[in-house]
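Colleague: Below: one structure in structure tokens.
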Amino acid sequence: MQRVSCGVLARVSRISRQLKENVCNLSSSSDCLQNGPKIAVVGAGPAGFYAAQYIAKARSDATIDIYEKLPIPYGLVRFGVAPDHSDVKKCISTFNKTANLPNVTFYGNTALGSDISLEQLKRCYNSVILSYGAEEDQRLGIPGEQLHNVTAARSVVSLYNGLPGAQDVDINLDTETVVIVGIGNVAIDVARLILTPIDVLRKYDTTEVWLEKLRNSRVRRVVLVGRRGPLNVSFTVKEFREMLKLENVRPIFHKEQYLPFKEQVAQQERGRKRLIELLFKSALAEPEPVTAERWARAEKEMELRLLRSPLEFLPGSDGKSVEKIKLAVNVMKGDTVEGTEETEEIETGLVLRSIGYKSIQADEELPFNHKKGVAVNVDGRVSEGVYAAGWLATGPRGVIVDTMGTAFKIGANVVADLKEEQKGKPGRSGMPSLPKSTSWADWQKLEKIEMEAGKLLGRPKIKITSVSEMLNKIQS
Ligand code: FAD
Ligand code: NAP
């Protein structure tokens with residue numbers, strides 16, 4: 001028999017794959033999809049959609065089923081990203097294109113761990129991509145954390161963004177001072193959403209519940225507490241600029257927290273230099289006349305208090321609600337901090353923890369690092385045929401573009417790992433019936449209802465904020 005070189009074989013195999021794909025594209029034949037790989041994606045946030053997008057493009061013969069806990073899609077793009085960051089939400093149009101592909105199906109109201117299990121998914125699908133995000137918050141573990149009005153910044157985010165199940169949470173804005181622990185972008189978002197005028201927030205899809213809270217708010221000052229120094233802030237330049245531009249809000253810096261680090265500004269790496277320069281310029285230099293005049297008139301304050309770690313929350317006379325936060329004054333030792341004997345207190349009626357999110361182990365079959373709050377994985381690979389993507393895999397770090405990059409890589413791994421012979425996995429037809437699941441058409445119906453409700457009030461949309469209301473509206 002004539003020997004055939006590997007290169008020729010590879011070319012033949014590529015051509016044969018292309019022919020197969022063309023047949024799929026031309027006829028969309030159910031045969032082709034039936035014989036192609038079955039892929040399950042769990043979680044319809046950015047990671048899930050971007051991984052699905054990659055696989056759908058690389059393997060048009062794949063059948064991709066997206067299972068999502070909530071009746072509706074988009075994860076943190078809908079329930080995390082601040083309402084006034086509407087430009088960020090443009091990625092939704094890309095997600096919609098993926099969801100509308102003939103070989104992609106959305107199953108909402110279907111949670112891993114209660115409605116479906118990892119064992120079932122592994123049995124029915126060639127590849128399972130877990131991308132269910134990071135929905136819990138980290139705790140400080142210090143005395144008084146259980147006091148009333150000490151809560152997670154995540155609760156405020158959920159309230160202004162309409163996350164189902166979070167709308168009854170009691171956020172006390174009947175106080176002059178709010179303290180936020182942590183100085184990442186979530187902290188900055190939340191501070192901005194507390195201090196922004198209602199008329200501005202009405203232009204976006206901010207929930208009515210939050211606008212009503214703001215109407216009754218007495219808050220005059222938000223203090224952001226960072227444990228490290230000015231070279232180690234976690235927020236980014238765009239968010240810091242927004243803070244400086246906030247109408248009617250004067251930023252407060254403490255010059256003595258910046259002066260010892262002034263010489264190091266020039267040594268910052270390129271990516272952070274712009275931010276650190278602007279931070280030092282704002283903190284140390286006299287503001288421009290226009291800004292100075294605007295800040296002099298401002299009625300509210302946003303204070304950045306650095307080199308302080310929370311030690312304890314102290315109750316008021318009722319013994320139940322927080323009245324003060326006690327802070328240790330820190331000094332920097334390289335990039336880490338060391339506490340000193342010196343302490344200080346801030347009087348406050350609301351403290352928000354904003355020190356990061358963490359994932360949970362939704363299914364006990366999933367190898368999970370409880371300490372780090374992530375699925376155990378190497379480059380997204382968890383075990384044969386099982387992958388983790390997005391914040392479940394990386395931890396709660398990075399913006400949507402970062403999540404997109406890692407999700408595409410996981411998509412590429414899935415495609416590379418798929419065996420030539422894909423028969424034998426039933427996909428959705430082997431899974432239990434899901435009588436309560438919602439479809440993409442259901443979501444589109446809800447979206448239309450939200451837009452129409454918005455039109456009546458001169459708002460972009462009025463979000464539906466409870467699962468039962470969503471399901472009732474779908475059925476009506
Ligand atoms: P998620 O977006 O959380 O998606 C996970 C999905 O899984 C959700 O839909 C969830 O309902 C679903 N799910 C959860 N549990 C289950 C289960 N058991 N079964 C099935 N489904 C489940 N990035 C930016 O670029 N710009 C911003 O302005 C910005 N703002 C942000 C604001 C906040 C408050 C936060 C927290 C993050 C923000 N980010 C922003 C970062 C961005 O949101 C993340 O990078 C991205 O959403 C992570 O995507 P993910 O798919 O891993 O997780
Ligand atoms: P983050 O950026 O990691 O910030 C967490 C903050 O909490 C840091 O200041 C950290 O300080 C502090 N912290 C952690 N543990 C602490 C402790 N025990 N005591 C005191 N302080 C503590 O997290 P995030 O703000 O939740 O944001 C998560 C990701 O989402 C980030 O990548 C962020 O950029 C992204 N995001 C983006 C946007 C946007 O683009 N607008 C909005 C929101 C979120 P140390 O640095 O000292 O650890």
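Colleague: Being of a type in the set (Gly, Ala, Ser) and open to solvent by 30 Å² or more (accessible area, probe 1.4 Å) narrows it down to one residue among 113, 108, 80, 75; which is it?
Modeller: 113
Colleague: Looking at the structure I just gave you, is residue 256 in contact with a Lys or Arg (Cβ under 9 Å, 6 or more places away or on another chain) and of a type in the set (Asp, Glu)?
Modeller: When the stated conditions are applied, residue 256 does not pass them.
Colleague: Okay, moving on. Tell me, which strands (runs of 3 or more DSSP E) wholly within the range 49-153 include 3 or more residues that are in contact (Cβ under 8 Å) with a residue 24 or more places away in the chain and assigned by TED's automatic domain parsing to the domain that holds residue 432?
Modeller: Correct list: 63-67, 104-107, 127-130.
Colleague: Does at least one position in the range 151-168 carry a residue that is open to solvent by 10 Å² or more (accessible area, probe 1.4 Å) and within 11 Å of ligand 2 (Cβ to nearest atom)?
Modeller: yes
Colleague: May I ask you to list the residues in the range 174-230 that are acidic (Asp, Glu) and in contact with a helix residue (DSSP H, G or I) (Cβ under 9 Å, 6 or more places away or on another chain)?
Modeller: 189, 205, 208 - these are the residues of the range 174-230 that are acidic (Asp, Glu) and in contact with a helix residue (DSSP H, G or I) (Cβ under 9 Å, 6 or more places away or on another chain).
Colleague: Going by the structure shown, is residue 409 within 16 Å of ligand 1 (Cβ to nearest atom) and either among the charged types (D, E, K, R) or surrounded by 15 or more Cβ atoms within 10 Å (Cβ to Cβ) (or both)?
Modeller: Yes, satisfied.
Colleague: Outside the structural domain of residue 93 (by TED's automatic domain parsing) and crowded, with 16+ Cβ neighbours inside 10 Å: does that describe residue 457?
Modeller: Judged against the criteria, residue 457 is not a match.
Colleague: Identify the single condition in (1) at pLDDT below 95; (2) within 16 Å of ligand 1 (Cβ to nearest atom) that residue 424 does not satisfy, given that it satisfies every other one.
Modeller: Answer for residue 424: the failing condition is (2).
Colleague: Please determine whether any residue of the range 28-48 is more than 14 Å from ligand 1 (Cβ to nearest atom), open to solvent by 10 Å² or more (accessible area, probe 1.4 Å) and at pLDDT 95 or above.
Modeller: Yes, there is a match, as at least one residue in the range 28-48 is more than 14 Å from ligand 1 (Cβ to nearest atom), open to solvent by 10 Å² or more (accessible area, probe 1.4 Å) and at pLDDT 95 or above.
Colleague: When you go through 255, 245 one by one, which is the residue that is surrounded by fewer than 18 Cβ atoms within 10 Å (Cβ to Cβ) and either near ligand 2 (Cβ under 10 Å from one of its atoms) or modelled with pLDDT of 95 or more (or both)?
Modeller: 255
Colleague: In the range 333-358, how many are open to solvent by less than 50 Å² (accessible area, probe 1.4 Å) and assigned to a loop (DSSP other than H, G, I, E, B)?
Modeller: Adding up the residues that qualify gives 4.
Colleague: Please work out if residue 219 is at pLDDT 95 or above, in a helix (DSSP H, G or I) and over 27 Å from residue 397 (Cβ atoms).
Modeller: When the stated conditions are applied, residue 219 does not pass them.
The values are calculated or read from the model by the stated rules, or taken from the named source; none is laboratory data. What you see is a predicted model, and the numbers here were worked out from it, not measured in a lab. Neighbour counts run over all protein chains shown; Cβ positions are idealised from the backbone, glycine included. Side chains included, ligands, DNA and RNA excluded: accessible areas come from the protein's heavy atoms. Shrake-Rupley method; radii C 1.70, N 1.55, O 1.52, S 1.80 Å.
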